[in-house]
1. In terms of the Cα gyration tensor, with a ≥ b ≥ c the square roots of its eigenvalues, is the stretch 63-105 rounded because a/c is under 1.5, prolate because a/b exceeds b/c, or oblate?
2. Taking 0.36 nm per residue of separation and subtracting the Cα-Cα distance, what length does fully extending L65 through Q89 add?
3. Farthest toward the dipole's positive end in the stretch 2-100, which of S84, T17, W34, given Cβ charges of +1 (Lys, Arg) and -1 (Asp, Glu) about the Cα centre?
4. Give the cross-link partners of K100 among the lysines, using a straight C-alpha distance below 22 Å as the criterion and excluding same-chain residues fewer than 8 apart.
5. Rounded if a/c is under 1.5, else prolate if a/b beats b/c, else oblate: with a ≥ b ≥ c from the C-alpha gyration tensor eigenvalues square-rooted, which is the stretch 11-82?
6. Report the extension gain between Q23 and I79 in nm, rounded to one decimal, defined as 0.36 nm multiplied by the number of residues separating them, less their alpha carbon distance.
Amino acid sequence: MENRIKEQQLDLLADRTSTQTFQSNQLRLWIHSWAYVLINAFRQHCLKKTSLAKATVGRIRLNLLKLGARIKISCRRIIIAIASACPYQDILSIANKRIKTIPNTG
């Protein structure tokens with residue numbers, strides 16, 4: 001459990017409570033907690049049986065989420081163009097396919 005707390009504090013900067021009011025600090029911690037839950041669910045559902053299946057939140061954030069990309073928005077779709085030299089494009093492709101198979105509960 002301590003490793004998960006440390007992971008959240010170091011990788012998602014959840015230890016920053018530098019605002020003046022309790023409510024804003026609490027909101028900041030909630031947002032960081034939601035981010036951790038989302039990345040953890042992404043790791044469990046979309047990255048299983050890949051090289052990033054047991055990666056830390058920080059590694060997932062640096063390798064998959066902090067990419068340079070060109071985004072084109074049209075009326076019907078959003079196109080994300082990632083460079084062909086991206087080292088994790090195979091894992092991104094697998095994760096994209098698995099995200100599309102998640103059932104819509106709404």
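Just so it is clear, none of the values below were taken in a lab; they were calculated from the coordinates. Values in this document were obtained by computation on a predicted structure and should not be read as measured data. Note: ideal-geometry Cβ built from the backbone for every residue, glycine included; neighbour counts use all protein chains shown.
1. Values: a/c = 2.45, a/b = 1.15, b/c = 2.13.
Cα axes put the stretch 63-105 in the oblate bin.
2. Working: separation 24, 0.36 × 24 = 8.64 nm, distance 1.19 nm.
My answer for the length gained is 7.5 nm.
3. So the residue furthest toward the plus end is S84.
4. K48, K49, K54, K66, K72
5. Numbers: a/c = 2.39, a/b = 1.39, b/c = 1.72.
Here the stretch 11-82 falls in the oblate category.
6. Working: separation 56, 0.36 × 56 = 20.16 nm, distance 3.75 nm.
Full-extension gain reported as 16.4 nm.
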